[in-house]
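Here is the structure we will look at.
The values are calculated or read from the model by the stated rules, or taken from the named source; none is laboratory data. Note that the structure is predicted; figures quoted are calculated from it, not measured. All Cβ positions, even for glycine, are placed from backbone atoms using ideal geometry, and neighbour counts span all protein chains on display.
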Amino acid sequence: MRLFHGFLLSAALVTAAAAQTTTTSQSPGEPAKQVPAPPSGQAPNQSANPSGQVPTQAHKAPDRAAAYYHYALAHNYEDMVAIYGRPEFANRAIEEYKEAIANDPGSEYLNSGLAELYNRTNRIRDAVMEAQNILKRDPNNLDARKLLGRIYLRSLGDMTNGTQSQEMLHLAIEQYEQIIKLDPKGVDNQLLLGRLYMLNKDMVKAESAFKGALKQQPGSEEAITNLAYLYNEEGDSVKAAQVLSSTPDASRSSKLYLALGYTYEQQHDSKKAIEAYRKATELDHDNLDAERGLAQNLLNDGQMEQALEVYKQVVENDPTDAQGQLRIAEIDRRMGKYDEALDALKKAEALVQDSLEVPYNFALVYAAQGRNDEAITTLQTLLDKTARPDGKYSVSEVNNRSVFLERLGSLYREQGKTPEALATFKKMLDLGDENAIHGYQQMIDTLRDAKQWTEASKVAQEAILAYPNDRGLKLVYAGQLADTGKQEEGIKQARSLLKGTKDDREIELGLANLYSRLKMWKEADESAVQAEKWSDTPESKAYVYYVEGAIAERQKKYESAEELFRKVISLDPQNAGALNYLGYMLADRGVRLDEAVVLIKKALEIEPQAAAYLDSIGWAYYKQGKYDLAEESLRKAVAKQDNDGTLHSHLADVYQKTGRLKLAAAHWERALEEWNKSATADVDQNDVAQVQKKLESAKVKLAKQEKQ
């Protein structure tokens with residue numbers, strides 16, 4: 001929406017402004033340098049009023065000489081209003097118009113002029129009444145309809161009440177429909193009507209209006225870009241690209257390339273978007289929207305250094321661009337440049353008042369630095385600041401609170417503070433609908449992480465009672481049943497959710513994960529393949545490939561797994577999960593260890609505090625024989641996630657290699673303890689057997705050492 005919203009509003013304003021009458025200027029007290037002559041048959045004649053008397057009552061026959069005299073005075077006063085802005089001149093102009101009309105009441109030109117004057121001097125009610133009176137006498141008066149249309153457009157932009165705005169939108173549409181009938185060749189009016197239809201969510205009529213403008217003016221850039229915007233709004237970016245691509249390369253302007261870049265962005269095709277935005281900037285070096293689009297898609301494509309350079313150029317060209325500073329902060333954070341990120345956020349903070357996004361990003365940097373207490377305090381402050389005593393929130397306020405609560409709850413969970421995490425996620429239930437459903441899912445995940453299986457099942461049951469039609473929650477509950485020994489019941493419930501439609505994609509993915517956890521490989525592969533059939537975007541395909549890669553890896557089909565994870569990374573270079581999984585898989589097998597380290601480091605750049613990624617890099621260092629680095633990373637991982645048996649097992653191996661057998665035995669014991677509390681599907685029994693053997697051997701050696 002970044003691209004087209006500004007375009008839509010500015011086009012409407014330009015159209016309205018262009019339709020307004022312009023005036024010439026002269027000194028006060030001087031006659032107008034040029035008085036535009038009214039159309040033939042409507043204007044008073046050019047003779048002066050020799051007596052200088054102002055008629056005060058209507059005449060049976062029009063006195064066009066007197067009418068012209070007062071019209072000339074009115075026009076003079078209008079010019080003086082434009083020069084000096086003094087309200088008394090506007091009042092005098094209005095009075096002179098009234099006198100002119102009194103002498104020639106049938107002149108639509110004079111009536112239209114008065115209506116326009118009312119509009120320009122913000123006497124909107126009078127302008128509307130005057131225009132409506134004209135239309136009562138002459139429904140085909142184009143100037144009066146254009147005036148009403150402009151007034152309704154301006155009022156539409158000024159209104160905040162939803163009901164009143166909708167009424168004003170309908171009035172504007174009504175006028176512009178009539179304007180098109182009276183002037184069917186007016187391309188600007190066709191375009192404006194199309195935009196109004198879009199605001200009214202009437203996409204069929206909007207498409208017709210834009211196509212009508214294109215028919216009147218083939219190759220019209222305005223018509224083409226508006227039509228493309230409509231298709232993007234409808235989610236048909238392929239059709240939007242076809243419309244935009246119909247213009248030959250040599251004829252494309254910066255604006256058209258800008259629209260094309262946005263369209264490719266909607267298709268999640270970052271590389272094509274980058275190419276289009278680059279061409280837009282080449283054709284118009286001052287096009288900041290194109291630069292912003294280029295920077296964002298470089299970031300989407302994982303080209304963070306290049307994205308950072310472009311964003312720096314954006315804020316240099318527009319020092320007031322707070323969003324640009326926020327994006328710089330995001331990139332610096334993701335690259336581990338936390339001091340630079342904080343500097344960029346301070347600059348953004350100085351540019352905006354009462355921002356919620358800036359402190360939220362401060363919290364993200366604090367969390368990335370491991371300054372969890374500061375991150376928690378910042379998020380809690382945001383929640384307190386946005387709280388309403390009556391509990392009534394707008395849609396945007398609800399979404400903001402949901403984001404703050406989810407991040408705060410996640411921080412508590414990462415610290416092992418299960419009660420605090422649950423209390424935070426529970427507050428999401430009060431936000432209703434999707435936010436409440438997500439809150440339930442987070443509560444279940446928190447309890448599962450804490451290995452509180454019974455409580456997780458209770459919350460899952462509560463969730464599906466509260467939202468009985470939500471298939472996602474039912475799928476979560478099915479997984480919970482399977483993990484607590486009720487495999488057949490869990491599978492049956494999950495399969496009952498299938499409908500044979502595209503909506504089954506999420507269910508098939510859930511089934512694939514469920515079957516994989518139960519080591520039902522054939523069924524897992526079949527569900528993943530079916531989910532892939534329902535996936536039609538790069539993003540959706542990437543997730544399916546990730547699930548398929550995990551299934552292959554668990555079956556020890558390493559070549560297939562590697563191929564699938566590389567497909568994920570090709571589609572989504574910033575997919576930290578795939579980068580880590582591939583890197584760990586290589587490290588665990590002791591192959592291509594340097595590449596494994598590079599992959600895992602990229603994952604850590606994206607999520608520097610993830611315990612699983614810290615474990616992966618530590619295990620890769622261990623395999624390289626870099627035991628100091630391995631110990632440092634693994635100790636951090638265990639500190640962040642103390643209840644993971646694998647992390648304790650890895651750290652124990654490091655201690656064994658460095659001659660600290662007692663510490664190793666303690667962590668092997670802890671690994672077995674945590675695995676014993678875990679769901680069966682989460683534990684590799686081969687790992688359990690190996691650790692048990694290591695522990696027994698260590699105990700024998702320690703006992704011998706004590707006897708010596």
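Details
- For the range 670-691, the criterion of being out of contact with any helix residue (DSSP H, G or I) (no Cβ under 7 Å at 6 or more places or on another chain), more than 30 Å from ARG448 (Cβ to Cβ) and not acidic (Asp, Glu) is met by no residue.
- Of all residues making up the range 198-209, the number that are within 26 Å of the chain's Cα centre (by Cα) and buried (at least 19 other Cβ atoms within 10 Å of the Cβ): 2
- Qualifying positions in the range 493-515 - surrounded by fewer than 18 Cβ atoms within 10 Å (Cβ to Cβ) and in a helix (DSSP H, G or I): ARG495, LYS502, ASP503, GLU506
- The range 250-261 residues that are assigned to a helix (DSSP H, G or I), paired with ones that are buried (at least 19 other Cβ atoms within 10 Å of the Cβ) and of a type in the set (Val, Ile, Thr) (beta carbon under 6 Å, 6 or more apart): ALA259/THR225
- Residue list for the range 605-635, restricted to those being touching a residue at least 40 places away in the same chain (Cβ under 8 Å) and either in a helix (DSSP H, G or I) or in contact with an Asp or Glu (Cβ under 9 Å, 6 or more places away or on another chain) (or both): GLU605, ILE606, GLN609, ALA611
- The range 342-356 residues that are in contact (Cβ under 8 Å) with a residue 40 or more places away in the chain, paired with ones that are basic (Lys, Arg) (beta carbon under 9 Å, 6 or more apart): LEU356/LYS385
- Criterion applied to ALA368, ALA341, ALA363 was being under 23 Å from ASN400 (Cβ atoms), in contact with a Pro (Cβ under 6 Å, 6 or more places away or on another chain) and surrounded by 16 or more Cβ atoms within 10 Å (Cβ to Cβ), and the one residue passing it is ALA368.
- Close pairs (8 angstrom Cβ cut-off, 6 or more residues apart or separate chains): in contact (Cβ under 8 Å) with a residue 40 or more places away in the chain and among the hydroxyl-bearing types (Ser, Thr, Tyr) in the range 98-119, surrounded by 19 or more Cβ atoms within 10 Å (Cβ to Cβ) and part of a helix (DSSP H, G or I) anywhere: SER107/ALA67; SER107/ALA100; SER107/ILE101
- Scan the range 654-666 for residues that are over 18 Å from ASP687 (Cβ atoms) and crowded, with 17+ Cβ neighbours inside 10 Å and the total you get is 1.
- Top-ranked residue in the range 630-653 [being closer than 16 Å to TYR584 by Cβ, more than 38 Å from the chain's Cα centre (by Cα) and of a type in the set (A, V, I, L, M); ranked as surrounded by the most Cβ atoms within 10 Å (Cβ to Cβ)]: LEU651
- Filter result for GLU462 (of a type in the set (D, E, K, R) and either within 31 Å of the chain's Cα centre (by Cα) or at pLDDT below 95 (or both)): no
- Tallying residues that are touching a Pro at 6+ places or on another chain (Cβ under 9 Å) and among the small types (Gly, Ala, Ser) within the range 112-133 yields 1.
- So ILE224, is it over 30 Å from LYS185 (Cα atoms) and in contact with a Leu (Cβ under 7 Å, 6 or more places away or on another chain): no
- Pair list, Cβ < 7 Å and 6+ apart or interchain, from the range 550-571 residues that are in a loop (DSSP other than H, G, I, E, B) to residues that are not hydroxyl-bearing (Ser, Thr, Tyr): GLN555/TRP521
- A Cβ distance below 7 Å, combined with a sequence gap of six or more or placement on separate chains, defines the contacts here; from the range 393-415, residues that are at pLDDT 95 or above reach residues that are of a type in the set (Ser, Thr, Tyr) and not in a helix (DSSP H, G or I) in the pairs ARG401/TYR393.
- Residue in the range 296-310 that is surrounded by fewer than 17 Cβ atoms within 10 Å (Cβ to Cβ), free of Cβ contacts under 8 Å to residues at least 60 places away in the same chain and within 23 Å of LEU571 (Cβ to Cβ) present: yes
- Residue within the range 66-83 that is among the polar types (S, T, N, Q) and either touching a helix residue (DSSP H, G or I) at 6+ places or on another chain (Cβ under 7 Å) or at pLDDT below 80 (or both) present: no
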